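Enquirer: Structure below; questions to follow.
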Amino acid sequence: MTNQPWQVQIKIQRQRAGEKPYVQAFALEVDPDEYVLDAVERIWAFHDRTLTYRHACHHSTCGACGMRVNGREKLTCITTIRSVTQNGGTIRIDPLRNFPVVSDLVVDMGDFFLRMNKSDFNSVAPDNAARLPYEHPKKLETQTEGEPERLVDCIECGLCISACPAANTDKEYVGPAVLAAIHLMYTQNPSQKLINQADDHSGLWRCHSAYECTEVCPSGVDPAWRIMDMRKTVFKDRVKSIIKPRLPEKKDA
Ligand code: SF4
């Protein structure tokens, strides 16, 4: 440890599928600059080998270690202990919301991945395609001419779905990540199929514009802005389809 160790209490929601959840507390000595995932791994290694959780890359690329930390969706591999508690404090860790719990901190993301596949989303976007579009407000705020563009690869972590109040109450809603993927695909390769997918009964009109998805997204995707931008496209498409039949037919010369 490079810092003076902190004593913290970590409270984790434990649950087996179909059983009632309960909370288990662990007292831990931590380096405040280590990550929440490191602490979870130490609990598994030295306190309780039955604790289940997902993890893989440990550098915010795979999206596997998403959890709720003190009620907020986080990628735990990049969330430091000091950012969520203080010496002598408590950290509460729960599984992501809006997904069925498989075991402890592991949720079933199968449906979500299937829905992402339906949008023809390239989970690894080509470098020149994974960019914020020019008109994106954040780009205008933060980016000057010649500055490198921000990558917007979705890592399919599911944090946005967990944070989404609409997904929490509306099980049919496809959720922000899928709609953001549809928008990203549309900006790269516009098609009526993508418009129809976004305009589906389970699509973008179910969003409540709460912007919680954008708040928690660790990858700069900005799903809320993408949903709003896609709404404009869908709206224009609807207007076009109403107006088009009313246009006067061309008379032969
Ligand atoms: S849009 Fe952001 S928060 Fe949602 S799944 Fe993709 S990377 Fe994760």
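No value in this document is a laboratory result; all are computed from the given coordinates. What you see is a predicted model, and the numbers here were worked out from it, not measured in a lab. Heads up, the Cβs are rebuilt from the backbone with ideal geometry, glycines too, and the neighbour counts pull from every protein chain shown.
Enquirer: Going by amide H atoms built from the backbone, whose H comes under 5 Å of the H on Val107, apart from near neighbours?
Expert: Val102
Enquirer: Would you mind ranking Ile93, Ile182 by Cβ crowding within 10 Å, fewest neighbours first?
Expert: Details: Ile93 25, Ile182 30.
Fewest-to-most ranking of Ile93, Ile182: Ile93, Ile182.
Enquirer: Follow-up. In nm, what is the difference between 0.36 nm times the number of residues separating Thr169 and His59 and their Cα-Cα distance?
Expert: Fully extending the segment from Thr169 to His59 adds 36.4 nm.
Enquirer: Using 7 Å Cα-to-Cβ label points, what is the Gln188/Ala17 separation (nm, one decimal)?
Expert: Simple spin-label model gives 3.2 nm for this pair.
Enquirer: If the chain between Asp48 and Asn196 were fully stretched, how many nm would it gain, using 0.36 nm times the residue separation less the Cα-Cα distance?
Expert: Working: separation 148, 0.36 × 148 = 53.28 nm, distance 4.84 nm.
Here the segment from Asp48 to Asn196 would lengthen by 48.4 nm.
Enquirer: Residue by residue through the stretch 182-196, which ³J(HN,Hα) values in whole Hz follow from phi under the Karplus form 6.51 cos²θ - 1.76 cosθ + 1.60 (θ = phi - 60°), with glycine and proline marked x?
Expert: 4, 5, 4, 5, 5, 5, 7, 8, x, 7, 5, 4, 5, 4, 5
Enquirer: Given the pairs Lys74/Lys193; Lys171/Lys232; Lys20/Lys193; Lys20/Lys74, which are separated by over 31 angstrom at their Cα positions?
Expert: Where the Cα-Cα span goes over 31 Å, the pairs concerned are Lys74/Lys193; Lys20/Lys193.
Enquirer: Could you order peptides 159-165, 3-9, 74-80, 201-207 by the average number of other Cβ atoms within 10 Å of their residues, highest first?
Expert: For the peptides 159-165, 3-9, 74-80, 201-207, the packing ranking is 159-165, 74-80, 201-207, 3-9.
Enquirer: Separate question: Sort His208, His183 so the one with the fewest other Cβ atoms within 10 Å of its own Cβ comes first.
Expert: Going from least to most buried by this count: His208, His183.
Enquirer: At 7 Å along the Cα-to-beta-carbon direction for both Gln7 and Phe113, put a label point, then send me their distance in nm to one decimal.
Expert: 4.3 nm
Enquirer: Once amide H atoms are built 1.01 Å from N in the peptide plane, which residues 5 or more positions from Leu96, or in another chain, come under 5 Å H to H?
Expert: HN-HN under 5 Å from Leu96: Arg68.
Enquirer: Starting from the stretch 1-73, pick out the GluC sites (Glu not before Pro) whose DSSP state is loop and whose Cβ has at most 16 other Cβ atoms within 10 Å.
Expert: Sites meeting the loop and neighbour criteria: Glu19.
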